[in-house]
Amino acid sequence: DAGITQSPRHKVTETGTPVTLRCHQTENHRYMYWYRQDPGHGLRLIHYSYGVKDTDKGEVSDGYSVSRSKTEDFLLTLESATSSQTSVYFCAISEETIGNEQFFGPGTRLTVL
Amino acid sequence: QKEVEQNSGPLSVPEGAIASLNCTYSDRGSQSFFWYRQYSGKSPELIMFIYSNGDKEDGRFTAQLNKASQYVSLLIRDSQPSDSATYLCAVNLNDYKLSFGAGTTVTVRA
């Protein structure tokens with residue numbers, strides 16, 4: 001998984017509780033991304049980062065916030081989890097190459113009851 | 001209209017045959033194109049990317065790009081049971097974000 005880890009790998013939580021997912025990379029790549037994957041929707045971008053403290057919204061950012069205080073770590077926070085946020089969350093990284101290809105972490109399966 | 005469209009499948013092919021997957025995209029400004037393979041319960045794995053019109057071959061995989069017609073395809077030659085997976089097409093505009101199709105599920109039957 002290209003030097004990318006995600007924690008936790010599985011989490012079950014209750015509606016209304018805060019949840020933080022962590023993505024850690026050892027590749028020193030500039031760009032980091034959070035996606036969610038749901039049946040029938042493919043991968044959808046939640047937020048991304050183009051450097052330390054530099055982040056921007058993706059197509060499904062409502063209800064999510066992110067932070068990147070170090071190059072290697074990108075945190076995704078659900079301030080108050082809802083059942084619609086039950087999903088598999090993937091982190092990805094990329095660098096400034098010709099193709100800008102992205103490499104994915106192992107994923108976190110989140111269930112909100 | 002979705003930015004990236006793929007046939008959801010499932011696409012069933014016999015072992016040893018060629019599997020052909022297609023992907024169309026809506027934005028003519030798209031610069032580079034990717035194929036990812038995703039096994040059930042696993043993360044997407046990059047298998048090919050292409051940014052010039054024409055064909056690009058890597059082992060049993062060939063990516064074909066036609067920017068005028070706005071499609072990109074993936075051919076898997078000599079399909080093996082281990083090729084059974086979902087294949088995701090992704091398109092990159094002139095920035096660092098990707099748009100993904102919903103994926104095509106391929107089943108290779110022995």
Quiz item: Out of curiosity, is residue B:34 touching a strand residue (DSSP E or B) at 6+ places or on another chain (Cβ under 8 Å) and either small (Gly, Ala, Ser) or over 24 Å from residue A:108 (Cα atoms) (or both)?
Solution: no
Within segment B:1-50, residues polar (S, T, N, Q), at pLDDT 95 or above and assigned to a strand (DSSP E or B) come out as B:12, B:20, B:22, B:24, B:38
Residue A:86 vs. criteria in contact with a His (Cβ under 6 Å, 6 or more places away or on another chain), surrounded by fewer than 20 Cβ atoms within 10 Å (Cβ to Cβ) and more than 11 Å from every other protein chain (Cβ to nearest Cβ): no
Residue A:99 passes all but one of the listed conditions (1) part of a strand (DSSP E or B); (2) surrounded by 14 or more Cβ atoms within 10 Å (Cβ to Cβ); the exception is number (1)
How many residues of segment B:23-43 are closer than 15 Å to residue B:67 by Cβ, of a type outside the set (Phe, Trp, Tyr) and either buried (at least 17 other Cβ atoms within 10 Å of the Cβ) or away from every other protein chain (no Cβ under 11 Å) (or both)? The answer is 8
Checked segment B:45-55 for anything of a type outside the set (A, V, I, L, M, F, W, C) and either away from chain A (no Cβ under 11 Å) or within 12 Å of the chain's Cα centre (by Cα) (or both); matches are B:45, B:53, B:54, B:55
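The values are calculated or read from the model by the stated rules, or taken from the named source; none is laboratory data. All values reported here derive from a predicted model rather than from experimental measurement. Heads up, the Cβs are rebuilt from the backbone with ideal geometry, glycines too, and the neighbour counts pull from every protein chain shown.
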